[in-house]
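The values are calculated or read from the model by the stated rules, or taken from the named source; none is laboratory data. Since the structure is predicted, the reported quantities are computational estimates derived from the model, not experimental observations. When we count neighbours, we look across all protein chains shown, and the Cβ atoms used for this are built from the backbone with ideal geometry, even at glycine.
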Amino acid sequence: MKRIYWNDIKKVLKSYLIVIVPILAVGISIYSYIFNTEIEKTKEIITEEQKQKAKVINYIIEDNFQEAYENLLVIKNSNEISDYLNIKDEETLSQTEQMFLRISKSKKRFDQIRFIDTEGKEVIRVNSDNDNSYIVTKDQLQYKGDREYYKTTSELSEGKIYVSDLDLNIENEEVEIPYKPEIRIATPMYSDDNNFQGILIVNYLVQDLLNLFDDEFNKSEYNITNSFLINNEGYYLFNKDESKNFGFMFEEMKNVNISMENPNLWAEIKLKDTGLYENNEEVDYYMKVWPLKGLDDKIESDYNWVIVTKYNPNDLPIMKDSIIFGMKYEDILVLIGISILMFIIIVAKYYSKKDKALLNLTERIAEHTSDAVIVTDSYTNIIYVNKSFEEATGYMKEEVLGLKTSYFKSNKQSKEFYHDMWKNLNTKGHWQGELWDKKKGGSLYPKKLSIFEVKNEYNKKIVNYMGIFTDLTKTKKKEEYVVKLQNYNFETNLPNENLLEILIDNNIKVKKDNLFIIYFYIENYNSIVLKKKEDGQAVVNNLIQRIKGTLHEEDFIAQISKNNFVVGVSSLDSKNKFEDFIQKFFEVNKESIYVNEEEVFYDIKAGISIYPKDGTNSGELISNAYLAMEKVIGLKEKKYLFYEDDFKNAIKKEIEMDLLLRKAIVNNELDVYYQPQIKIEEEDIVGAEALIRWNNSELGNVSPVVFIPLAEKTGQIIEIGYWLIEKIFKDYSFIKEELSNDFRISINVSPLQFNDKNLLEKFKELGEKYNVNFNNFEIEITESVLMTDINIVNEYLKKFKELGMTVAIDDFGTGFSSLSYLKNLNVDKLKIDRSFIKDYPEKDSGEIAQVITNMANKLKLKVITEGAETKDQIKYLESIGCDLIQGYYYSRPLEKEDFYKYLRNSYSTKERDSTVGIKNKKS
């Protein structure tokens, strides 16, 4: 008996090893492959994330240095410091100190503003400490002639700028505590006779920049990365271990340097601007940034920093979860379970002829595994299922015994799929894969299934099939969520930019003829959302549904941002048909909708590109459609444009003009002209509109119609606007003796500047500086300002009127505002746009001008018409009750000196009327 027992064991073990070794080998190989693939994917994701964050930080760094540079130029070109350099008395010194103090209070990142004389001694210093700016007393001023920044800057020629690398502030030969990371930006200062007078220097705090660096790299799905900012000598400018920062400032920390800690990485960094360095213990991504890139070529310094992010690949979640061969604990349990189950089945089969009771043992063990188990005979009739099968499918064991496994087919797999599955099963003895099956009640579910053949030990014929499967419903839902997150906008469920590129490229692959790309923009999106508030998204969704109604099945629409969309039209085979489509597109979207009983209009602008004429891939087509859209935004008479190659040149010219415009104030290229405003009946001058002009050495005289929209687009309009106000107040001091109390100088305020919280205080500050009587001034705003919160706007206008100023609405009738608000607004005057009178009487009856005038008179508002050029137009405007005129009929815009002469001539011709203004002599 003992001999038979050991003989049985040998046979069972032999059979078991023949079956289980290949299964384990295949299983381990698959797990290992998946494990290595997931590691590489995770590394790619982390690296890409770090690349994007590095690009963001690079942009922030450049922006900070641009801000510091521009602020220095504002101080350098101020009247106060110019007066001090040429006069140098106590009064000009005090004025310069006060100017330094004002600027320091308004610039939170300024640590110090100093003027150091030719001997290296501080003459003026303003410190900022905890939001408290103060002028340093003379007994505390220090000698700085031995400082590198002083030596370098003092050797520069006029107009050159020196920018230091980032280090810590030093006071009285000691590093200031707490540490103040800062850069120093300086320029030599010369008097009008070109004699060197000293240097102007600003200490610019960059702790906010370092905090942003920390915050940006902390926002990560993976908390295993560590990020550093180092200078071009390898010293840390930012390290979470603060004891390592700014080692070059301390003698005892000279070795705290990445070149010492990781010489191989440092060698890589010295060779390339960006790259990936990897060994068994760490993965490093690095990118050099040049803080001074893009600044004026007058900058003398040129250095770089390096952003470095690193992590240990062994800290990856997948590595920590892995036990062996990339398998997790549960995977090993599955393999162990399969091994045990296979062993039990082989034993049971071997002894089935001896003892049928062994089958019950197999069933009992199978009942305790978490995976569903199903056993069939050689004809795939079910002879056994475990409890996990019942839980996964909803079927009880009694319901499925005797059924074929094909009963659960979902019909989502093709005949070829099952053919390949049986082919692998018959040739290899096992099969593993994913498929869909049907639960009780008809619902479908995904599962991961492994099938094994069970053969008779003696004749090698198949006697059973065993299936082990796992319900993948939760896993698939998670995968679907990730895919949706990557490819769709969650609010509108439209494809995002990522999926859009795929859709376009797939269309190009399948379809070789025309593909039309419409990049469109809801121009009045902000006003819609502000007015509708919580209904803003509903309004946008309504537009999307309306557009979908114009498209065919093969066309698509994607959402790039909140108010930027792209439509792809591949259902039309000619440009003529598409032109009919685009006409219909705008006709449909011109119609209004009602939301909560309020009417809403869409104002849409679109750019169009065509495959293959305008691009052969998604990137080119989207980019060129966008350029066409950018072009049409500035054209009132156009709703859409087809892309043309000239648009790229136009964008390039716009960028070049933007760079020149940024230097216009510094280079004294801007000027103010004044166009008189006349009261028709007495032909008296009652005011003038201040108009800005730009004369550039490269471009010549640039029309405000060109550069004002550009300034508004780039945000420069705020700085230009403040320059304009100060220039007008300076000119006012030259002519104020000639003005009556009723004389008004109109100042245009752009919507962007109107929303600047400093606007009112700036008016007050400059008014006090130049001793201005605000009763002689008026601000002009456009109707677009009224499209935000009308109550807030009205309160703000009230504060201007409290100063003594009046308020006019410029270009009235060309915008979109509610007349119901007009009667309650703090407004004094309506200004009729020249478009409503310029063609009178040949092509225009003047009715709109008459309607606006009648409405203004009823609301007790003054009304003025601009652009009147003929005697017929003057007579007509007088006849309808519009008695204020601004136009070429009376005068073109005049330079300050000519405007003064105009006033003086008027004064010498007619007596001053104390209630109206200066009399005008019409030539």
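Examine segment 591-605 for a residue that is at pLDDT 90 or above and in a loop (DSSP other than H, G, I, E, B), and state whether such a residue exists.
No; the residues of segment 591-605 include none that is at pLDDT 90 or above and in a loop (DSSP other than H, G, I, E, B).
Looking at segment 82-89, can you tell me whether even one residue there is modelled with pLDDT of 80 or more and touching a strand residue (DSSP E or B) at 6+ places or on another chain (Cβ under 7 Å)?
Looking through segment 82-89, at least one residue is modelled with pLDDT of 80 or more and touching a strand residue (DSSP E or B) at 6+ places or on another chain (Cβ under 7 Å).
Could you figure out which of (1) modelled with pLDDT of 85 or more; (2) within 26 Å of residue 52 (Cα to Cα) isn't true of residue 198?
Single failed check for residue 198: (2).
Which pairs do you get when a residue that is under 17 Å from residue 624 (Cα atoms), found in segment 634-646, comes within reach of a residue that is in a loop (DSSP other than H, G, I, E, B) and among the charged types (D, E, K, R), reach meaning Cβ atoms under 7 angstrom, with the pair 6+ apart or on two chains?
643/614
Between a first residue in segment 14-34 that is in contact (Cβ under 8 Å) with a residue 60 or more places away in the chain and a second residue that is of a type in the set (Gly, Ala, Ser) and part of a helix (DSSP H, G or I), which pairs have beta carbons less than 6 Å apart while being 6 or more apart in sequence or on different chains?
Pairs found: 20/339.
Among the listed residues 141, 101, 73, which satisfies the condition of being touching a residue at least 60 places away in the same chain (Cβ under 8 Å) and of a type in the set (A, V, I, L, M, F, W, C)?
Only one candidate qualifies: 73.
Which of the following residues is touching a Gly at 6+ places or on another chain (Cβ under 7 Å) and either among the charged types (D, E, K, R) or under 29 Å from residue 192 (Cα atoms) (or both): 110, 65, 100, 115?
Answer to the selection: 115.
Would a scan of segment 746-758 turn up a residue that is among the hydroxyl-bearing types (Ser, Thr, Tyr), surrounded by 20 or more Cβ atoms within 10 Å (Cβ to Cβ) and in contact with a Leu (Cβ under 6 Å, 6 or more places away or on another chain)?
Checking segment 746-758: not a single residue is among the hydroxyl-bearing types (Ser, Thr, Tyr), surrounded by 20 or more Cβ atoms within 10 Å (Cβ to Cβ) and in contact with a Leu (Cβ under 6 Å, 6 or more places away or on another chain).
Within segment 640-690, track down each residue that is assigned to a strand (DSSP E or B) and closer than 30 Å to residue 590 by Cβ.
640, 641, 642 - these are the residues of segment 640-690 that are assigned to a strand (DSSP E or B) and closer than 30 Å to residue 590 by Cβ.
Tell me, which residue of segment 876-923 that is surrounded by fewer than 16 Cβ atoms within 10 Å (Cβ to Cβ), in contact with a strand residue (DSSP E or B) (Cβ under 8 Å, 6 or more places away or on another chain) and among the acidic types (Asp, Glu) is modelled with the highest pLDDT?
Restricting to residues being surrounded by fewer than 16 Cβ atoms within 10 Å (Cβ to Cβ), in contact with a strand residue (DSSP E or B) (Cβ under 8 Å, 6 or more places away or on another chain) and among the acidic types (Asp, Glu), the top hit is 895.
For segment 647-673, name all the residues that are free of Cβ contacts under 8 Å to residues at least 40 places away in the same chain and of a type in the set (Val, Ile, Thr).
Matches in segment 647-673: 651, 655.
Somewhere in segment 170-190, is a residue among the charged types (D, E, K, R), closer than 19 Å to residue 93 by Cα, touching a strand residue (DSSP E or B) at 6+ places or on another chain (Cβ under 7 Å) and touching a residue at least 12 places away in the same chain (Cβ under 8 Å)?
No, because not a single residue in segment 170-190 is among the charged types (D, E, K, R), closer than 19 Å to residue 93 by Cα, touching a strand residue (DSSP E or B) at 6+ places or on another chain (Cβ under 7 Å) and touching a residue at least 12 places away in the same chain (Cβ under 8 Å).
Where the second residue is of a type in the set (Val, Ile, Thr) and assigned to a helix (DSSP H, G or I) and the first is closer than 19 Å to residue 766 by Cβ and lies in segment 714-743, which pairs have Cβ atoms under 9 Å and are six or more apart or on separate chains?
717/708; 719/74; 720/708
Filter segment 614-626 down to the residues that are touching an Asp or Glu at 6+ places or on another chain (Cβ under 9 Å) and in a helix (DSSP H, G or I), then identify the one that is surrounded by the most Cβ atoms within 10 Å (Cβ to Cβ).
Here the answer is 621.
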